[in-house]
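Trainee: Submitted below is the structure of interest, expressed as structure tokens.
The values are calculated or read from the model by the stated rules, or taken from the named source; none is laboratory data. Here the structure is a predicted model, which is why all the values come from computation and not from measurement. Here Cβ is always computed from backbone atoms with ideal geometry, including for glycine, and neighbour counts include all displayed protein chains.
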Amino acid sequence: MSNKLYVSSASGVALSAQPLQFGRPFRVGEIGQCPQLLVDGQSVASQSDVKTRHADGSVRFAVVSAVLPAVPASGGVTLSFADGPCNNDGALSAQQMLGAEYDFDAVVSLNDGAAGTASARALIAAGKYRLWTSGPVVTTAIVADHEGKSADIGVDGYKSVRPSFEVQFWPALKLTRTRVVMETTDTEKVQNQRYGVTITAGASSPQPVYSRADVEHLYMSRWTRTFWRGGEPAALNIDYNVAYLAATQAIPNYDASIRLSSTSKSSIVSAWQAAPKDIFEQGMWNPSMPTTGGRPDLGPYPKWMVAWLYDGSAELKEVALGQADLAGAWPMHLREGSAGKYVDRDKTEPALGQPVSGYARPTLAMLDLGYAYSDAADKVKVVGTTNRGAWVPDNAHQPQPFFIPYLLTGEHFYKEQLQFWSGFSLLDDSRGLYGLYCYSKNASKSHLGIGGQIRGIAWGMRMLGEAAWAVPQQEAGYRNYLHAAYEDVITRFEGTRGVVRGGNTSRADWQWANTAGDCHGGRLRDANPLRYWWEGLDGYGSNESVKRYDAPWQHSFLMYALSRGAELGLPAGALKDWFAPFFVRQVLDAGAVPYHLGDYTLPFVDAQTGALYQRWSDVAAEYADYTGASKWPPAASPNSNSTSSLDQGYGTAALVALAGTAGAPGSAEAWSRFGAGHYAAWGWERDPKWAILPRGIANVATKQGETTISTSSGSTTASAGTSTGTSSSSGTGTSTSSTTSTSPSASTEGTTSTVTVTPLPAGSLPSWVAAKPLFQWFQIPGTKLSASTAWQGYTPSRGGQKGILAYSGGTLKASGSELFIAGGGHADYAGNEVFSIALRSETPIWVRRNNPSAAPVLPETGTSHYPDGRPSSRHTYWTLQFNDSRNLLMFVGAPALWSKVANGTSEFDAFDPAKNDYLPAGTFPSQGGIGGVAQGIAKDAADNIYVHSTGGTMYRWDNATNTWTTLGNRGTYYYETPYAIDTRRNRMIRMPNGTLAGAVFDLNNNAAASTLTLTGSAAAAANGRGSLVYDPVSDAFWYWKRGDSTLYRIDAATFNTTAQSVTGTVPPNTVLNGFYYTYGRFAYVPELRGILYMRDADSDIFFVRTGA
């Protein structure tokens, strides 16, 4: 997927010398220095102001500026990027900005000057400005005196109105663009102001550009107007490339195959044209946020914002930015006016002049400035009337007017709006933090929170998270505050639910919440296997059978917010994974009815037991007359307990929530079984606001001017057409390359590894295999683990002994063809013993390598190591990897530890078969992100290990240096998806799994991802969970699909896929209650030229020869 934009003339007239500035996110590693703009492949003078960088130092977000030489009357130009030196020298000085060639000034006058005037020119001359963009193409000055307040004006002595100016100077064109911002936000002089206003532009001969009489400027609000001097540039249409934006994870995984309908576009534009849109007029907003019901502004983003994102037209840009500007009318803005306040908890960053910080005023209630539980030191100073008029805010119905405008324009105003509204999200009424509901519980004021209704938590968390992503690293103090505040919010909710993440349990706020509960609903009293967020609300009704209901659609909003935070690199992943079963198990559990995901209310508390429901089948039983699918939107007669509105249909929100569970156990199956079909039934072209797919799925349609990139190791070619495949994205805050289409014929080009296959010497095979023909399944006599002395001759640990194979695999030591197994974990088995069997022997015998450590009674939460220092039992999945060069059995990550909650950690342990004991903890470095369940793990010929984490990040452990490298995001990993490495071509493949496309990872290029396209007669069937190995003799992958005893052969050069003809007793390949999950117990054995398959402890090992 290429990082390109397509620009065309909105008027159909040929254009020249067009100023263009836009915001652009980038994938990790794509741009190391600064992005340089290319127009139709040719370099032009450009300037990039980098605002944030990824952890590896590459650009994450930048404001890009250039003067386009020409835009044709029809067609357009393609913009792309090259990496190069940053070009931020040459910004204009104050003297140059005030030079005659610009004749610059912008003056705001209140009541014809009687209530004061403010001049941008005078502020620049006084040095009251800072630069937002800096370089030879455009200088953007943020002109204001927030600290000294010297330009404040107003109708009384308090001077409660503060002007500021955001001015772009374009030297090559001698143009200026000025945004005037007027606000009543100072914490020390809060009040409404009524005035008449005039704005003039120009220094030598000022000309009026705006005026309005009798403005009622609400307290804690802002208004803005923008104008050009020297001529306004022509309008441009810009295709921002939704597929690429989604791949960066700066936006959700929006379905890029959608094309906004012309009817929908016309409807939005017409509504805007007819709407009142002067300052403090509502435009298309409903100014009373608490108004109930679905609206076009509610959801991930407002309808018109998503329409602009998809369409890119100048008309929809006008609507989207006009609406964003009007949203400043809500009284949700406070700027710190006290010199004694600090932004951060540690009191190192002065808060004066910055949007108010929750740490500066932790008990402030912005909806009730006189709130009794607010500390006096936290209250603002109200000096006059505070009347909201029609503009009533709240978190529960808070839209997101600013993130997409900031993302696509890079304007400072929208960044600052995100800061203001994140403050409101934390301090709306204090009840989520410290007030009435927490006061009696001794909540600490040193940590922040978000409370209120679940939907309010969701939208407040969404606003806070997107602000934390957006604020530049140059504003380190404020950025760190937002990230710390988000951590506070998450930690409190984790504590309430007992969710363990890293060292969160040592935090005082986690411990407080784990005891007292959050201020919203308290600790959940009952066992909660269904993962209700709380115990429901009496206001949603009750009956003889159901004591309490609640709103699953609010749970859907919250799941979206958590998944959004996780993909932005914020610490929401553990809580998201805790919550995911609420959605996944409603699809997968026996007796569950997934259509209830889209209901208005859902039973929470059983009247018969007084406790939360324990099974989804019992919840479904409360709906005796429910007809399910026939009432699921968008059916003609939707369920009366639901709605089929695209603006806020409970079904559409539920699909987004289900998509947000991507990476959690069962998520892929739930989407494949239920989500995908219902997603396809909607007419998203009418309103794609909720058209969000699970990470790892991308629909991409061809756009004008777009090409798709076919890649192979060491070569790249471009071809016109449609690119469809997996969108690679980051769940750790670093985004990276996307997945593109890979042609099988091209895939063999480029760098390869030489693999020498030596013929087996005569008589080298054990007799139990030597006489067998190729492709005949048989069992190896005497290899039943449960019948061996090794299995019977000791005292097992806690739990069932056969639990050693529960969700646990094995791995092969090449020398001696020795299979190693270890596992257990969760509530299945506590033992950490290791067994092995050397198949090269004439009579293979199981050996128990060690006895199990003393293990505790099943704890609520597991630890990585037992008291004796040896690793705790865990589900091993594919984490077992034998390092032939070091002769060590490695445990790569520690998922699903011996515990009730099946938590995991990121430790990297090893067992030494020469000593029959584990190496000390810490011998090999841990790596955050490798402890997830059933992650994609594979080992290359040099014993380097690759881990595709549940968050999407690809990690590589280097065997030579014993270090980890974060390669970046390579798309969402789906639970139990098999991976294997082609050691000839040094590339790793991932099988398709339901709706997750297969992938090829180029290990010569940091595992850059491309789409795996299988061909051949069995291509369609070769999809799903199972096991995958590479056979260098056959130069083929062998795929053992769960539930299907077909042995699939995939040509490693061409990806031609066939069902291998076999004879003999074909082994079963089904699963039951956690057992018969094979993982690495299906392994290629190089010395024996075949495949082993250990199904369970009670069967002899199966084997099939694949080569001579």
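Trainee: Of all residues in segment 40-69 being under 22 Å from ASP311 (Cα atoms) and over 31 Å from the mean Cα position of the chain (by Cα), which is surrounded by the fewest Cβ atoms within 10 Å (Cβ to Cβ)?
Mentor: Going through the qualifying residues, I end up with ASP40.
Trainee: Sort out which residues of segment 157-172 are assigned to a loop (DSSP other than H, G, I, E, B) and touching an Asp or Glu at 6+ places or on another chain (Cβ under 6 Å), and write them in order of number.
Mentor: Answer for segment 157-172, where residues must be assigned to a loop (DSSP other than H, G, I, E, B) and touching an Asp or Glu at 6+ places or on another chain (Cβ under 6 Å): just LYS159.
Trainee: When you go through ASP428, ASP375 one by one, which is the residue that is acidic (Asp, Glu) and either within 28 Å of ASP647 (Cα to Cα) or under 23 Å from the mean Cα position of the chain (by Cα) (or both)?
Mentor: ASP428
Trainee: Which residues, counting only those in segment 230-254, are of a type in the set (D, E, K, R) and buried (at least 21 other Cβ atoms within 10 Å of the Cβ)?
Mentor: Going through segment 230-254, the residues of a type in the set (D, E, K, R) turn out to be 232, 239.
Passing the criteria: only ASP239.
Trainee: For ALA1097, work out the one condition from (1) out of contact with any helix residue (DSSP H, G or I) (no Cβ under 6 Å at 6 or more places or on another chain); (2) hydrophobic (A, V, I, L, M, F, W, C); (3) modelled with pLDDT under 95 it doesn't fulfil.
Mentor: (1)
Trainee: Does THR1065 qualify as being of a type in the set (Ser, Thr, Tyr) and over 23 Å from LYS939 (Cα atoms)?
Mentor: Considered against the rule, which asks whether it is of a type in the set (Ser, Thr, Tyr) and over 23 Å from LYS939 (Cα atoms), THR1065 comes out as yes.
Trainee: Scan the strands (runs of 3 or more DSSP E) fully inside segment 1012-1108 and keep the ones with 3 or more residues being among the aromatic types (Phe, Trp, Tyr).
Mentor: Working: elements: 1026-1031, 1036-1041, 1047-1051, 1057-1059, 1082-1085, 1090-1093, 1102-1105.
Of the strands (runs of 3 or more DSSP E) lying wholly inside segment 1012-1108, those with at least 3 residues that are among the aromatic types (Phe, Trp, Tyr) span 1036-1041.
Trainee: SER906 - would you say it is free of Cβ contacts under 8 Å to residues at least 60 places away in the same chain and either buried (at least 19 other Cβ atoms within 10 Å of the Cβ) or in a strand (DSSP E or B) (or both)?
Mentor: So SER906 passes the test.
Trainee: Also, quick follow-up: Only one of ALA910, ALA914, ALA902 is more than 28 Å from ARG673 (Cα to Cα), at pLDDT below 95 and not polar (S, T, N, Q); which?
Mentor: ALA914
Trainee: Filter segment 923-957 for residues that are of a type in the set (A, V, I, L, M, F, W, C), out of contact with any strand residue (DSSP E or B) (no Cβ under 6 Å at 6 or more places or on another chain) and within 11 Å of GLY893 (Cβ to Cβ) and give the result.
Mentor: At the first step, the residues of segment 923-957 found to be of a type in the set (A, V, I, L, M, F, W, C) are 924, 930, 933-934, 937-938, 941-942, 945, 947, 954, 957.
If we keep only those that are out of contact with any strand residue (DSSP E or B) (no Cβ under 6 Å at 6 or more places or on another chain) too, we end up with 933-934, 941-942.
Listed by number, the residues that qualify are VAL933, ALA934.
Trainee: What number of residues within segment 1-22 satisfy the criterion of being of a type in the set (Val, Ile, Thr) and outside any strand (DSSP E or B)?
Mentor: The initial filter retains those residues of segment 1-22 that are of a type in the set (Val, Ile, Thr), namely 7, 13.
Restricting the remaining residues to those that are outside any strand (DSSP E or B) gives 13.
Number of matching residues: 1.
Trainee: Since LEU352 meets every condition but one in (1) touching a residue at least 60 places away in the same chain (Cβ under 8 Å); (2) surrounded by fewer than 19 Cβ atoms within 10 Å (Cβ to Cβ); (3) closer than 24 Å to VAL155 by Cα, which condition does it not meet?
Mentor: (2)
Trainee: Return the residues of segment 328-349 that are in contact with a strand residue (DSSP E or B) (Cβ under 9 Å, 6 or more places away or on another chain) and crowded, with 22+ Cβ neighbours inside 10 Å; say none if nothing qualifies.
Mentor: GLY328, ALA329, TRP330, PRO331, HIS333, LEU334, ARG335, GLU336, GLY337, VAL343
Trainee: Related question: Against the definition (of a type in the set (Val, Ile, Thr), out of contact with any Cys (no Cβ under 6 Å at 6 or more places or on another chain) and surrounded by fewer than 21 Cβ atoms within 10 Å (Cβ to Cβ)), how does VAL1062 come out, yes or no?
Mentor: In short, yes.
Trainee: Here is a follow-up. Residues of segment 182-220 being under 24 Å from VAL137 (Cα atoms) and assigned to a strand (DSSP E or B), which ones?
Mentor: ALA201
Trainee: With the requirement that a residue be β-branched (Val, Ile, Thr) and either out of contact with any Leu (no Cβ under 8 Å at 6 or more places or on another chain) or surrounded by fewer than 23 Cβ atoms within 10 Å (Cβ to Cβ) (or both), what does segment 982-1008 give you?
Mentor: Across segment 982-1008, the qualifying residues are THR983, THR995.
Trainee: I need every pair where a residue in segment 475-493 that is closer than 17 Å to GLU336 by Cα has its Cβ under 6 Å from the Cβ of a residue that is in a loop (DSSP other than H, G, I, E, B) and hydroxyl-bearing (Ser, Thr, Tyr), sequence separation at least 6 or different chains.
Mentor: Every condition considered, the pairs that remain are TYR481/SER357.
Trainee: Going by the structure shown, is ASP1031 over 23 Å from SER817 (Cβ atoms), among the acidic types (Asp, Glu) and in contact (Cβ under 8 Å) with a residue 60 or more places away in the chain? Show your work before the answer.
Mentor: On the way: over 23 Å from SER817 (Cβ atoms): no; among the acidic types (Asp, Glu): yes; in contact (Cβ under 8 Å) with a residue 60 or more places away in the chain: yes.
In short, no.
Trainee: Okay, next question. Confirm whether THR983 is of a type in the set (Val, Ile, Thr), under 22 Å from SER815 (Cβ atoms) and touching a Pro at 6+ places or on another chain (Cβ under 9 Å). Before the answer, list the steps.
Mentor: Details: of a type in the set (Val, Ile, Thr): yes; under 22 Å from SER815 (Cβ atoms): yes; touching a Pro at 6+ places or on another chain (Cβ under 9 Å): yes.
In short, yes.
Matching residues to (1) aliphatic (A, V, I, L, M); (2) surrounded by 20 or more Cβ atoms within 10 Å (Cβ to Cβ):
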site: VAL933; (1), (2): yes, yes
site: ALA941; (1), (2): yes, no
site: ASP958; (1), (2): no, no
site: TYR973; (1), (2): no, yes
